[in-house]
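J.: Quick one: structure below, then a few questions.
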Amino acid sequence: MNIAVAGGTGFIGKVILRKLVADGHHVVALIRPGSLLKINKFSGTESRYTYYDSPTQLLKNIEDCQAVINLIGIIKETKETSYDFAHHIVPLSLVTAAKNAGIKRFLQMSALGVDSDSDSEYFVSKRLGENVVKASVLDWTIFRPSLVYGQGDNMTALLAKIIKHAPFFPVIGDGQYQFQPVHVENVADGFVQALNKPETIGKVYDIAGADKYTFDQILDMIAQAIGKKGIAKLHQPLGLIMFKAKLWGRFMPGPLTPDAVKMLIANCVSDDDSFQRTFDTKFIPFAEGIRGYLK
């Protein structure tokens, strides 16, 4: 099967590409000019430069495919790309192109927390993207992963670096907001297997790990993985952090923005185990998984 993949240059996308090829598919990677070196090249893959605001070009790039996988997502807005464009306009463009090309199968990457009451612009834009896919006439499946980790991720690697070198870790709020970290291999298994599971059409799957951890617990587990007994935590009031985020965001670029704080404290957990019951993938415990690459 020819599979068009948008967002294949990312951390999760590279693993999905590898598994698609291993499963016998031919991958058409839709990439932006300048992103070619970011993508893993395998036998059975090709890259096509794509502008998502060009309907004619997008249609031409996917018209020989039988399915579309959309993995495009950003954690922080830039001058070039807004949350709304990445998470709402791009899915709309892909859904429209797929319909015009006669492609029925469509897999969408969303995020756990989309159906929460958070007013984070990230979650709002992801919600709009989901609505576009759900309203289409396509055979869609939507995946909502929690914190995804694994070799090459940004989150655990950054936390490990801070824990290793800093005398203490500045924690936003009380550190009791929760996550259910899930390994990238488990997420990729869901996307690849869904192509051969018609029963997944029209379904939304939460992809959450087997265990829930507070942010404080995650810091302790990462510290143990890199050989430290623990890490001193400096909990800072949420109101103070939001004030700093608004102030810093006005005068300098950086990862700390009001929206990033809202995303962090959103409690991205789920008790829905339909993903585990539907897909054949062995969940990797978080402590075991991070030891495999952080040590």
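The values are calculated or read from the model by the stated rules, or taken from the named source; none is laboratory data. No experiment lies behind these values; they were computed from the predicted model shown. Heads up, the Cβs are rebuilt from the backbone with ideal geometry, glycines too, and the neighbour counts pull from every protein chain shown.
J.: Only one of 73, 24 is of a type in the set (Gly, Ala, Ser), modelled with pLDDT of 90 or more, assigned to a loop (DSSP other than H, G, I, E, B) and surrounded by fewer than 20 Cβ atoms within 10 Å (Cβ to Cβ); which?
T.: Going through 73, 24 in turn, just one is of a type in the set (Gly, Ala, Ser), modelled with pLDDT of 90 or more, assigned to a loop (DSSP other than H, G, I, E, B) and surrounded by fewer than 20 Cβ atoms within 10 Å (Cβ to Cβ): 24.
J.: Quick check: is even one residue across the range 233-243 surrounded by fewer than 20 Cβ atoms within 10 Å (Cβ to Cβ), outside any helix (DSSP H, G or I) and without any contact (Cβ under 8 Å) to a residue 24 or more places away in the chain?
T.: no
J.: Which one of 149, 83 is under 25 Å from residue 212 (Cα atoms) and crowded, with 22+ Cβ neighbours inside 10 Å?
T.: Sole residue among the options that is under 25 Å from residue 212 (Cα atoms) and crowded, with 22+ Cβ neighbours inside 10 Å: 149.
Listed here are the residues, each with its yes/no results for (1) modelled with pLDDT under 95; (2) more than 21 Å from residue 120 (Cβ to Cβ); (3) in a helix (DSSP H, G or I); (4) not aromatic (Phe, Trp, Tyr).
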site	(1), (2), (3), (4)
64	no, yes, no, yes
77	yes, no, no, yes
89	no, no, yes, yes
97	no, yes, yes, yes
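J.: Take the residues of the range 115-138 that are within 14 Å of the chain's Cα centre (by Cα) and among the hydroxyl-bearing types (Ser, Thr, Tyr): which is farthest from residue 265 (Cα to Cα)?
T.: The extreme case among them is 125.
J.: Turning to a different aspect of this structure: Give the residue that is farthest from residue 153 (Cα to Cα), with candidates limited to residues of the range 64-107 that are more than 19 Å from the chain's Cα centre (by Cα) and acidic (Asp, Glu).
T.: 64
J.: Sticking with this structure for a sec: May I ask you to list the residues in the range 10-21 that are under 17 Å from the mean Cα position of the chain (by Cα) and either β-branched (Val, Ile, Thr) or assigned to a helix (DSSP H, G or I) (or both)?
T.: Within the range 10-21, 11, 12, 13, 14, 15, 16, 17, 18, 19 qualify.
J.: What residue, among those in the range 190-221 that are assigned to a helix (DSSP H, G or I) and acidic (Asp, Glu), is nearest to residue 175 (Cα to Cα)?
T.: 216
J.: Can you confirm whether the range 155-176 contains a residue that is assigned to a loop (DSSP other than H, G, I, E, B) and surrounded by 20 or more Cβ atoms within 10 Å (Cβ to Cβ)?
T.: No, the conditions are met nowhere in the range 155-176.
J.: Applying the selection to the range 95-108, what residues are in contact (Cβ under 8 Å) with a residue 40 or more places away in the chain and over 17 Å from residue 9 (Cα atoms)?
T.: Those that are in contact (Cβ under 8 Å) with a residue 40 or more places away in the chain and over 17 Å from residue 9 (Cα atoms): 95, 96, 97, 98, 100, 101, 103, 105.
Okay, residues lined up against (1) modelled with pLDDT of 95 or more; (2) aliphatic (A, V, I, L, M); (3) touching a Ser or Thr at 6+ places or on another chain (Cβ under 8 Å):
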position: 183; (1), (2), (3): yes, no, no
position: 191; (1), (2), (3): yes, no, no
position: 198; (1), (2), (3): yes, no, no
position: 206; (1), (2), (3): yes, no, yes
position: 210; (1), (2), (3): no, yes, no
position: 213; (1), (2), (3): yes, no, no
position: 220; (1), (2), (3): yes, no, no
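J.: Residue 112 is checked against (1) more than 15 Å from the chain's Cα centre (by Cα); (2) crowded, with 21+ Cβ neighbours inside 10 Å and fails just one. What number does that condition carry?
T.: Checking residue 112 against (1) more than 15 Å from the chain's Cα centre (by Cα); (2) crowded, with 21+ Cβ neighbours inside 10 Å, the one that fails is (1).
J.: Among (1) surrounded by fewer than 19 Cβ atoms within 10 Å (Cβ to Cβ); (2) over 19 Å from residue 150 (Cα atoms); (3) aliphatic (A, V, I, L, M), where does residue 226 come up short?
T.: Going through (1) surrounded by fewer than 19 Cβ atoms within 10 Å (Cβ to Cβ); (2) over 19 Å from residue 150 (Cα atoms); (3) aliphatic (A, V, I, L, M) one by one, residue 226 breaks only (2).
J.: Oh, and also: Looking for something in contact with a strand residue (DSSP E or B) (Cβ under 7 Å, 6 or more places away or on another chain), modelled with pLDDT under 90 and either closer than 20 Å to residue 97 by Cβ or surrounded by 14 or more Cβ atoms within 10 Å (Cβ to Cβ) (or both) - is there at least one such residue anywhere in the range 34-42?
T.: Yes, the range 34-42 contains at least one residue that is in contact with a strand residue (DSSP E or B) (Cβ under 7 Å, 6 or more places away or on another chain), modelled with pLDDT under 90 and either closer than 20 Å to residue 97 by Cβ or surrounded by 14 or more Cβ atoms within 10 Å (Cβ to Cβ) (or both).
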